[in-house]
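The values are calculated or read from the model by the stated rules, or taken from the named source; none is laboratory data. Note that the coordinates shown come from a computational prediction; the quantities given were computed from them, not determined experimentally. Virtual Cβ from ideal backbone geometry, glycine too; neighbours counted across all protein chains shown. Ligands, DNA and RNA are stripped out before the accessible areas are found, and what is left, the full protein with its side chains, is counted by its heavy atoms. Shrake-Rupley method; radii C 1.70, N 1.55, O 1.52, S 1.80 Å.
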Amino acid sequence: LKDINLTIEQGETVAIIGANGSGKSTLLNLVPRFYDPTGGQILINDTPLPELKIKQLRRLVGVVTQQTILFDDTILNNIRYGSPHASRDEIVEAARKARADEFICQFEQGYETIAGESGGRLSGGQRQRIALARAILRDPQILLLDEATSQVDVESEKLIHQVLEEFLQQRTTLMITHRPSTLTLADRIIVL
């Protein structure tokens, strides 16, 4: 990435599009400091990121990627990941908001169902809704979506779109997407 000067206002939703290899994911990964820039700086509320403790910074940020990371554990614990002190009621409420509660309750063991290695017992759309429930539970001030609907069917995409429409309100969001329906959620589109 070179010569990028970008100001994102609090509560704004910005879509980032561009060709493969243009640096979209790299740009997103700079926010939670998965990478640090070799030149220039990134600020949150006029504070350079290195001045924030990593733990403090990462409490502000929620990430949903196209490769949803789920563990060979219960659905309940997969949603709770990142919010270890969340109650069962809070987890169920997050799942409802993510439109995941309905399919979870159809499993014989409900929230105690084991997701399988890498979430292998769930469909792509189900995994994405679990990831969204996890983000909703964390309630981050900054949400990063990296192709969060790229591997889902049309029905799941519609449900996820509804979830995002509600959840993005009053939250700063950067999203990488090429889906026209998701682009409609953006206040601005940045092309790399």
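Filter segment 137-192 down to the residues that are open to solvent by 70 Å² or more (accessible area, probe 1.4 Å) and among the β-branched types (Val, Ile, Thr), then identify the one that is nearest to residue 99 (Cα to Cα).
Filtering first and then ranking leaves 154.
I'd like to check which strands (runs of 3 or more DSSP E) are fully inside segment 119-192 and have at least 2 residues that are in contact with a helix residue (DSSP H, G or I) (Cβ under 7 Å, 6 or more places away or on another chain) and either modelled with pLDDT under 85 or farther than 17 Å from residue 94 by Cα (or both).
142-146, 172-176
Quick check on my filter: what residues within segment 105-118 are of a type outside the set (Asp, Glu), modelled with pLDDT under 90 and either in contact with an Asp or Glu (Cβ under 7 Å, 6 or more places away or on another chain) or in a loop (DSSP other than H, G, I, E, B) (or both)?
Of everything in segment 105-118, just one residue is of a type outside the set (Asp, Glu), modelled with pLDDT under 90 and either in contact with an Asp or Glu (Cβ under 7 Å, 6 or more places away or on another chain) or in a loop (DSSP other than H, G, I, E, B) (or both), namely 116.
Answer yes or no: is there a residue in segment 114-122 that is open to solvent by less than 10 Å² (accessible area, probe 1.4 Å), touching a residue at least 12 places away in the same chain (Cβ under 8 Å) and of a type in the set (Ser, Thr, Tyr).
So far as segment 114-122 goes, no, none of its residues is open to solvent by less than 10 Å² (accessible area, probe 1.4 Å), touching a residue at least 12 places away in the same chain (Cβ under 8 Å) and of a type in the set (Ser, Thr, Tyr).
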